[in-house]
Amino acid sequence: KTSKLASIPPILTLHLKRFRYGGSGRAARSASANHPDNGVSDYVGPSGSAKVEGHVKFQSILDIKPYLTPKLQDTDFKKAICRLFAVVVHSGKNSHSGHYVTYVANMKGKDWWKMDDGKVVRASLNEVMQAEAYMLFYRVTNHPVATELKEAVDAKSAASVRIMDAIKRTEDQAKAAEEKKRAQA
């Protein structure tokens, strides 16, 4: 059985199932002990949660067209490409404890940064792609909302440039008039 997306947001957020719930602490620990390669931590939290460990392969560029309804494929999403721009990583043994680190790409997607509390350092794409992702954030390229926002930002930027040019011209004219006045005196 498959599902298709009838609509998509400008930011596609994928939340990976990193915790297993259920069972008492002792039962869950013994089940994990019987299957040591299952990637589930043997520490079970107060609610019976255990961390599902291990790397899940993900892509930096994702084509979601196969997952869209035929109707949506025939609209603005003839090319439904998503670009990874953030990865959240959880380190810890269960859903009640641990630490979060986030990798974020700049707007051009060329540089990656690792954000760990107050510490921000540059990261390589390879480091990002090897992370044990908990959440993935993709920007949907050519999404109508994103295109509309870009056009609005571009229009405001152009208006700002025109205003700054007008201010500069006015300042230059005032300066020229002042110099002329001094020369005549």
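Residues of region 171-179 include at least one that is part of a helix (DSSP H, G or I), exposed (fewer than 11 other Cβ atoms within 10 Å of the Cβ), among the polar types (S, T, N, Q) and modelled with pLDDT of 85 or more.
If I filter region 109-127 for residues that are of a type in the set (Ser, Thr, Tyr) and touching a strand residue (DSSP E or B) at 6+ places or on another chain (Cβ under 8 Å), do I get at least one hit? Looking for residues that are of a type in the set (Ser, Thr, Tyr) and touching a strand residue (DSSP E or B) at 6+ places or on another chain (Cβ under 8 Å), one finds at least one in region 109-127, hence yes.
Cβ separations smaller than 7 Å between residues 6+ apart or across chains give the following pairs from region 132-145 residues that are within 15 Å of Ile81 (Cβ to Cβ) to residues that are of a type in the set (Asp, Glu) and surrounded by fewer than 20 Cβ atoms within 10 Å (Cβ to Cβ): Asn142/Asp76; Pro144/Asp76.
Tallying residues that are closer than 17 Å to Ile11 by Cα, open to solvent by 70 Å² or more (accessible area, probe 1.4 Å) and not acidic (Asp, Glu) within region 146-170 yields 2.
Residues that are in contact with a helix residue (DSSP H, G or I) (Cβ under 6 Å, 6 or more places away or on another chain), farther than 16 Å from Ile11 by Cα and either hydrophobic (A, V, I, L, M, F, W, C) or without any contact (Cβ under 8 Å) to a residue 60 or more places away in the chain (or both): does region 112-130 have at least one?
Filtering region 112-130 for residues in contact with a helix residue (DSSP H, G or I) (Cβ under 6 Å, 6 or more places away or on another chain) gives 112.
After this cut, where a residue has to be farther than 16 Å from Ile11 by Cα as well, the list is 112.
Now drop any that are not either hydrophobic (A, V, I, L, M, F, W, C) or without any contact (Cβ under 8 Å) to a residue 60 or more places away in the chain (or both), which leaves 112.
Scanning region 112-130, I find at least one residue that is in contact with a helix residue (DSSP H, G or I) (Cβ under 6 Å, 6 or more places away or on another chain), farther than 16 Å from Ile11 by Cα and either hydrophobic (A, V, I, L, M, F, W, C) or without any contact (Cβ under 8 Å) to a residue 60 or more places away in the chain (or both), so the answer is yes.
Here the helices (runs of 4 or more DSSP H) wholly within region 24-142 that include at least 2 residues being modelled with pLDDT of 85 or more and surrounded by 11 or more Cβ atoms within 10 Å (Cβ to Cβ) are 125-130.
Given the conditions (1) in contact with a strand residue (DSSP E or B) (Cβ under 7 Å, 6 or more places away or on another chain); (2) at pLDDT 70 or above; (3) in a loop (DSSP other than H, G, I, E, B), report the number of the one that Leu12 does not fulfil. Failing condition for Leu12: (3). Annotation note: Cβ proximity below 8 Å between a residue of region 50-67 that is over 23 Å from Tyr21 (Cα atoms) and a residue that is among the aromatic types (Phe, Trp, Tyr) (sequence gap 6+ or interchain) occurs for Leu62/Tyr138; Lys65/Phe77.
The values are calculated or read from the model by the stated rules, or taken from the named source; none is laboratory data. This is a predicted model, so every value here is computed, not measured. Ideal geometry is used to build each Cβ from the backbone, glycine not excepted, and the neighbour counts take in all protein chains shown. Side chains included, ligands, DNA and RNA excluded: accessible areas come from the protein's heavy atoms. Shrake-Rupley method; radii C 1.70, N 1.55, O 1.52, S 1.80 Å.
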